[in-house]
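The structure under discussion appears below in the form of structure tokens.
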Amino acid sequence: EVVVLLRLWMVCFGASYGFRQKSHMAVDRVVDLMPRRAQAGVTVLVQIVVIVVLAYIGFYGDKACLHFAVRNNTTNIIRVPYSIKYAAVPIGCALMIISSTWRMAVDLLGIAVKRDGGKIEGEVANG
């Protein structure tokens, strides 16, 4: 049970970290062939769809957590409440929504996000 519990939390935090680092798989061959303005539009549209899907999953994940909390269900062996176990889903979705919203703002506003040398994260790019 401990392994399953930790794996669920690790997957949700790992997915959030992947969103933050832009390391998730992307199929962008078609987008690369588009003009720059169209690329920006498609990128924003994709980010909005991702945020909506994550909000949907997070909403129903939160409902599941509340359901388990009200019923006081616990795991069989280590007696951890299921609400704590499944809280990883809405928390992970919230973190991914924050990362996606930040990415969209960075893309729309042209904010420089260099961390190694160069500009400070969040500084508006010149020119």
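The values are calculated or read from the model by the stated rules, or taken from the named source; none is laboratory data. Source: prediction; values computed, not measured. Counting neighbours? That spans all protein chains shown, and the Cβs are built from the backbone with ideal geometry, glycine included. The protein model used for the area step is the full one, side chains on, heavy atoms only, and it has no ligands, DNA or RNA in it. Shrake-Rupley method; radii C 1.70, N 1.55, O 1.52, S 1.80 Å.
A few remarks follow.
- Of the whole protein surface, MET34 contributes about 60 Å² of accessible area at a 1.4 Å probe radius.
- Cα coordinate range in the chain, projected on the principal axes (Å, largest first): 59, 31, 23
- A cut-off under 12 angstrom between Cβ atoms defines the neighbours of ASN73, and their net charge, with Lys, Arg +1 and Asp, Glu -1, is +3.
- Projected label distance in nm at ILE57 and VAL44, using a 7 Å step from Cα toward the beta-carbon: 2.5 nm
- Förster radius 30 Å - calculated FRET efficiency between MET10 and VAL106, Cβ distance, rounded to 0.05: 0.70
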